[in-house]
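Heads up: the structure comes next, in structure tokens.
The values are calculated or read from the model by the stated rules, or taken from the named source; none is laboratory data. Every value quoted in this text rests on a predicted model; they were computed, and no experiment measured them. Note: ideal-geometry Cβ built from the backbone for every residue, glycine included; neighbour counts use all protein chains shown.
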Amino acid sequence: MEHIFKDVILYSGLGDYVSRYVLGNIVVEEQSTKETLCMDTKSCGCVIRTSYGIPCACIIAMKIRDNKPIRLDEIHRHW
């Protein structure tokens, strides 16, 4: 895992198990969360969740609020 993700609670549950591409997409959603303060599924739309199988802005906002990591089982495994 890259150093920018080390010691960050949000990413601590992912370890070395997800690709840089997935981490990059989660970072984009995290930035979106900070800009819009999205915590509502109606305003979020959860498109990234249904399209890519990674946590969307509203889920990330709840994780940040509760100071919890994204769990590995919350990311869809594409075979």
Study note, to complete from the structure: Note on the stretch 33-52: residues modelled with pLDDT of 75 or more, surrounded by fewer than 18 Cβ atoms within 10 Å (Cβ to Cβ) and assigned to a helix (DSSP H, G or I) are V47, T50, S51, Y52
Exercise for review: Collect the residues in the stretch 6-22 that are closer than 18 Å to A61 by Cβ and either in contact (Cβ under 8 Å) with a residue 12 or more places away in the chain or not in a loop (DSSP other than H, G, I, E, B) (or both), keeping them in residue-number order.
Suggested key: I9, L10, Y11, S12, G13, L14
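Within the stretch 1-17, can you find the residues that are of a type in the set (V, I, T), at pLDDT below 85 and surrounded by 11 or more Cβ atoms within 10 Å (Cβ to Cβ)?
V8
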Review point. How about the stretch 53-79: which of its residues are charged (D, E, K, R) and either modelled with pLDDT of 85 or more or in a helix (DSSP H, G or I) (or both)?
Key: K63, R65, D66, K68, R71, D73, E74
